[in-house]
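Peer 1: Okay, handing you the structure first.
Computed from the coordinates by the stated procedures, all read-outs in this text should not be read as laboratory data. Just so it is clear, the model here is predicted, and its values are computed rather than measured. Glycine also receives a Cβ, built like all others from the backbone with ideal geometry; neighbour counts cover every protein chain displayed.
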Amino acid sequence: TSTVASESVTKMHDDKRFKPGAAKPFVGDLGVRQGFLDAIGNTPLIRLKRASEMTGCEIYGKAEFLNPGSSVKDRAALYLIKDAEERGLLKPGGIIVEGTAGNTGIGLALVANARGYKTVIVIPKTQSQEKKDMLLIAGAELVQVPAVPYKNPNNYVKYSGRLAEHLAKTNPGGAIWANQFDNKANRQAHYETTGPEIWAQTEGKVDGFVCAIGTGGTLAGTGKYLKEKNPNIRIGMADPMGASMFNYYANGELKSEGTSLTEGIGQGRVTGNLEGWGQPTREGGVVDFWCQVPDEEALPLIYDLLKEEGLVMGGSTGINIGGAIKLAKELGPGHTIVTILCDYGTRYQGKIYNVDFLKSKNLPYPEWLDTSTKTSQ
Ligand code: PMP
């Protein structure tokens, strides 16, 4: 055995900071979870060191990648399925159909397994192979469609709606279209869980919350809850390039420019989950800060996070942290800002963590990411 290692383990036990239970527990953490569904939520808040030091604020990431399906979308998946059950639309053997960029599908497939349903997932061909593989492992049937805009009838969202309608007529257990974009059970998950958790974890001392929009469920639900608790909390939207929301919040126009490699975010319309709660404050909603974060800014943030803080995150997390930094700069030092660490980076090994891919997109990458020179035979 290594003496260096065993010495430091002994030291660790002597150190008060590492005593089991010495760290402040967050609400509901210490109990045993009764299975997959019960393990969703109650994720820790992790202080982001570099972002905090850079701004003089306390910036925290809500560790949604620690959900049992490894993303923020487990919460929505659980609520979408619970909602269908409560409405009597699913019986054993029922089918859940959804158009998804991946994470919602993974969440739905896993929740479905735990509840005795099947899943059919309609996914744009452009999404990462890792997510598609995970969907298949989880037991989902995959329907791959070309990535076309929402107004095209073969867009993955509309296609999944039609497929669900067809299956509902023929499958004895019933079939539902989860419809994460417009079904408000999605944002209700964040209103009832993510928001209250952040409020409890920060003991109400939170000045800002920022995240990007995929469906808008996280932003609308969490933002609405926090704003109700304290109307002075700033609720911020961080948009990747190529999405239309920045212009929408700024001047009411759904207009986009540029592109982004990030997945799961970047919306071109006001979804059902954004209606009301997720609108800018001038329209009666809760969103009162908006910014755009280009990939050139977001990707270095997640590479630094991996190299310096040990957190390996997907691209949307880079957009979120970029947005949190921008809000911190607007508020000035001494404020507490929370954002979302959406999913785990290994879901994107072939893309944003792949040097050949980044080179092909002319994007900068840190030298250490080039692992080709480090592998021993
Ligand atoms: N990040 C990733 C990786 C996602 O998959 C999603 C959901 N599509 C989001 C962020 C955005 O979450 P929401 O749908 O609640 O807006």
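Peer 1: Quick one: net charge around Leu261, please, counting Lys, Arg +1 and Asp, Glu -1 for every other residue with C-beta under 9 Å from its C-beta.
Peer 2: Computed value for this residue: 0.
Peer 1: Right, next: Given Cα pairs under 8 Å that are at least 6 residues apart, what percent is the relative contact order of the chain?
Peer 2: Normalised by residue count, the contact order of the chain is 17 percent.
Peer 1: Taking neighbour Cβ counts within 10 Å as the exposure measure, how do Arg162, Arg75 sort from fewest upward?
Peer 2: The order, fewest Cβ neighbours first, is Arg162, Arg75.
Peer 1: Considering the chain as a Gaussian network with a 10 Å cut-off on Cα pairs, which listed residue, Asp74, Asp343, Asp304, attains the greatest mean-square fluctuation?
Peer 2: For the chain, modelled as a Gaussian network with Cα springs under 10 Å, the answer is Asp304.
Peer 1: While we're here: In which sequence would Ile265, Ile40, Ile213 go, from the one with the fewest C-beta neighbours within 10 Å to the one with the most?
Peer 2: Ile40, Ile265, Ile213
Peer 1: Further, regarding this structure: Convex hull volume of the Cα atoms in the chain, per residue, in Å³?
Peer 2: Expressed per residue, the convex hull around the Cα atoms of the chain is 167 Å³.
Peer 1: Pick out, from Thr55, Asn247, Pro366, the residue whose Cα sits farthest towards the positive end of the charge dipole of the chain, with +1 on the Cβ of Lys and Arg and -1 on the Cβ of Asp and Glu.
Peer 2: Asn247
Peer 1: Follow-up question, since we're still on this one. Quick one: among Gly315, Gly221, Gly258, which has the greatest mean-square fluctuation in a GNM of the chain with alpha-carbon springs under 10 angstrom?
Peer 2: Judging by the Gaussian network model, the answer is Gly258.
Peer 1: Arrange the following residues from fewest to most other Cβ atoms within 10 Å of their Cβ: His335, His166.
Peer 2: Taking fewest neighbouring Cβ atoms as first place, the list is His166, His335.
Peer 1: Would you list which lysines come within 16 Å of Lys82, measuring only between C-alpha atoms, while excluding same-chain residues fewer than 8 positions from it?
Peer 2: Lys73, Lys91, Lys118, Lys184
Peer 1: Please state the relative contact order of the range 191-241 as a whole percent: Cα pairs under 8 Å, 6+ residues apart?
Peer 2: Result for the range 191-241 is 45 percent.
Peer 1: How big is Rg to Rh over the range 289-377, alpha-carbon atoms, Rh as the Kirkwood inverse-mean-distance radius?
Peer 2: Result for the range 289-377 is an Rg/Rh of 1.03.
Peer 1: Still on this structure, I have one more. Quick check for the range 247-359: number of Lys pairs with alpha-carbon distance under 27 Å, counting only pairs 8 or more apart or on different chains?
Peer 2: Step by step, the pairs that qualify in the range 247-359 add up to 9.
Peer 1: For n ≥ 4 DSSP H runs only, could you compute -39500 (n - 2.57) per run for the chain, divide by its residues and tell me the 222 nm figure to the nearest 500?
Peer 2: -11000 deg cm²/dmol
Peer 1: Additional query: Once phi is turned into ³J(HN,Hα) by the Karplus curve 6.51 cos²θ - 1.76 cosθ + 1.60 with θ = phi - 60°, what whole-Hz value does each residue of the range 159-169 show in order, with x for glycine and proline?
Peer 2: 4, 5, x, 5, 4, 4, 4, 5, 5, 4, 7
Peer 1: Please list, ordered by chain and number, the residues whose modelled amide H lies under 5 Å from the amide H of Asp239; skip anything fewer than 5 residues away on the same chain.
Peer 2: Answer set, sorted by chain and number: Cys291, Gln292, Val293.
Peer 1: Specify the inter-centroid distance of the range 286-310 and the range 128-181, based on alpha-carbon positions, in whole Å.
Peer 2: 30 Å
Peer 1: What percentages make up the Cα-Cα pair-distance distribution of the range 164-299 when the bins are 5 Å wide from 0?
Peer 2: 2, 11, 19, 20, 17, 13, 8, 5, 3, 1, 0
Peer 1: Further question: Using θ = phi - 60° and the Karplus form 6.51 cos²θ - 1.76 cosθ + 1.60, what ³J(HN,Hα) does each residue of the range 120-126 get, whole Hz, x for Gly and Pro?
Peer 2: 10, 10, 9, 10, x, 4, 6
Peer 1: Moving to a separate point now. Can you tell which of Pro333, Pro124, Pro294 shows the greatest fluctuation in a Gaussian network model of the chain with Cα springs below 10 Å?
Peer 2: Pro333
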